[in-house]
1. Pairs of Cα atoms under 8 Å, at least six residues apart: use those to get the relative contact order of the chain, whole percent.
2. About the Cα centre, and with charges only on the beta carbon of Lys, Arg (+1) and Asp, Glu (-1), how big is the dipole of the chain? Nearest 20 debye, please.
3. Under a plain spin-label model, where a point goes 7 Å from the Cα along Cα-to-Cβ, how far apart in nm are Thr102 and Asn38?
4. Gaussian network model of the chain, Cα springs within a sub-10 Å range: biggest mean-square fluctuation belongs to which of Lys257, Lys220, Lys91?
5. If you filter the stretch 70-112 for GluC sites (Glu not before Pro), then keep DSSP loop positions with at most 14 other Cβ within 10 Å, what is left?
6. Give me the orientation-averaged projected area of the Cα convex hull of the chain, in nm², one decimal.
7. Within 13 Å, Cβ to Cβ, of Asn202, how many net charges do the neighbouring residues add up to if Lys/Arg are +1 and Asp/Glu are -1?
8. Would you mind checking the pairs Lys85/Lys206; Lys118/Lys335; Lys257/Lys299; Lys108/Lys264; Lys322/Lys346 and listing those with alpha carbons more than 30 angstrom apart?
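Throughout, read-outs are computed from the coordinates displayed, never taken from laboratory work. What you see is a predicted model; the values in this text were computed from it and never measured. No Cβ is skipped: glycine too gets one built from the backbone with ideal geometry, and neighbour counts run over all protein chains shown.
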Amino acid sequence: MNSKIRVGVIGVGSIADSHLNSYRHNPDAQIVAIFDLNKDRAQAKAETYSIPAVYTDCDELLANPEVEAVSICTWNDSHADLAIKALKAGKHVLVEKPLSQTVEQALKVEQAVKESGKVLQVGFVRRYASTTQVVKQFLDAGELGHIYYAKASSLRRLGNPGGWFSDKERSGGGPLIDLGVHFIDLCWYLMGRPKVKTVSGNIYHKLGNRSHITNLSYYKSSDYGKKNDVEDLASALIRFDNGASLLVDVSFTLHAKKDEVSVKLFGDKGGVEMEPELTMVTEKHQTILNVHPQMDQLKFHAATAFQNEIDHFISCCQSGDKPLSSVEDGVEMMKIICAIYESADKGTEISF
Ligand SMILES: NC(=O)c1ccc[n+]([C@@H]2O[C@H](COP(=O)([O-])OP(=O)(O)OC[C@H]3O[C@@H](n4cnc5c(N)ncnc54)[C@H](O)[C@@H]3O)[C@@H](O)[C@H]2O)c1
C-alpha cells in the first residue's frame, strides 16, 4: 500500500512552483495530478515535474479517487468555491491566501471544513518561516512579555503585478488583500491571536500602476494586463480587546525612495524586529541589548518557509491534526481585511 499523500495542484502559475517543489522534496508526498485554466501552462508544468495526470476540467481532477489532497493556487476569486468543492469531494485542502474575497465566502468554507472533517490549511506562509518559529518560542516562553504594539510595512514603489492582481473582480483588492493579509496575519499570530475590537483603515487610488515608468524592473503576473482598479496604498490601525494595537501600511505603488519590508513587535519585556532582519531587543543590568540569533537565515527565506508549510500540511493530512494556519484564522483575517476596506469606504472606524 502507498502511504504517501497523493496531491493534486489546481492553478499552476508562479506560486504553484513553490508548492510543487516542496511536495517534490517531501518523502511522504506524491504529486499525481494538476489542472489549470491555461492548458499549455498545465502541460508544461506536468512535463517539468513529471506529473502523470493533466486535467482540462477541475471536476475530473476532484473525481479522481487517487487524489487525497489539493493545493489551490488560483486567482483569489476561485479560492472559496474550489476549497468547498474539494472538501465535498473528500480531499484535504491547502488554499493559498487569502482564504476568500469576502467574509461570507470564508464562513462557507469554514462550514464545509466542519461538515467534511477534512484538513484545511490556509497558506499563511510567513507563519512557517524559521525566523517566525524561533520568535514564537521566545514569545511563548514569555521572554518578551506582553506584546502591546506591532507595526508592519510592505511598501513597493513600483510593484503592481498587473493581470488578475490589479483586476478587483478576480483579486478582491490590491496590496491590502495581497500583501496586507500576510503581514497582519503574522503580527496577529505572534501577538497571540487577540480578539479584534476596532479597525480603522484608509485606502488610496492616487498613482495607478505606474506602468509608464522605465529603467526600473518589477514582478509581473503570469498573464500580465494593464487593467487596474485596485488601491495603490492601504493603511490601518487595528485595536485589540487586550489593549494591544497593530499599525500596518502596504502599497503596490508609492513615491517612496526605496521598497521597504518592516515588521516590528514591542512587548513590555523586550521587542523583536522580524524584518528586514531578525533582531531581538532586551535589557540586562541597566543596558539595552540587541540580540542577533545565529541562524542560517535571518531574513524571510521563501523556499524554507514553503517547505515547512507543505511539510506541515502533509503531516496534518496523515494525522488529521488541525493545521497551524486553520480555517478559523483564515476567516478572522477576512473579517479584518474586509473591515479595513469598509472603514476606508465609510470613513469611520468599524467595531467588531
Ligand atoms: N503565499 C505567498 O507568498 C503567495 C505569493 C504569490 C501568490 N500567492 C497567491 O497564490 C495565488 C496565485 O498567485 P500566482 O502569483 O501564482 O498567480 P499566477 O497568475 O502566476 O497564476 C495563477 C494561475 O491560476 C490559474 N487559474 C486561475 N483561476 C483558475 C481556476 N479557477 N481553475 C484553474 N486554474 C486557474 C491561472 O490560469 C494561472 O495559471 C493567489 O491567490 C495569490 O494570492 C501567494
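1. On the way: 768 pairs, mean separation 74.4, N = 352.
About 21 percent, as a whole number.
2. Numbers: 39 positive and 45 negative charges, 100 e Å.
For the chain, the charge dipole is close to 480 debye.
3. My value for the distance between the label points is 2.8 nm.
4. In this elastic network of the chain, the residue with the biggest mean-square fluctuation among Lys257, Lys220, Lys91 is Lys257.
5. Details: sites: Glu96, Glu104, Glu110; in loops: none.
Here no loop site has a sparse enough neighbourhood.
6. Numbers: hull surface 75.6 nm².
Directional mean of the projected Cα hull area for the chain stands at 18.9 nm².
7. Values: positive: Lys206, Lys346; negative: Glu231, Asp232, Asp249, Glu342, Asp345, Glu349.
Summing Lys and Arg as +1 and Asp and Glu as -1 gives -4.
8. Working: Lys85/Lys206 38 Å; Lys118/Lys335 23 Å; Lys257/Lys299 21 Å; Lys108/Lys264 33 Å; Lys322/Lys346 37 Å.
Result: Lys85/Lys206; Lys108/Lys264; Lys322/Lys346 exceed 30 Å.
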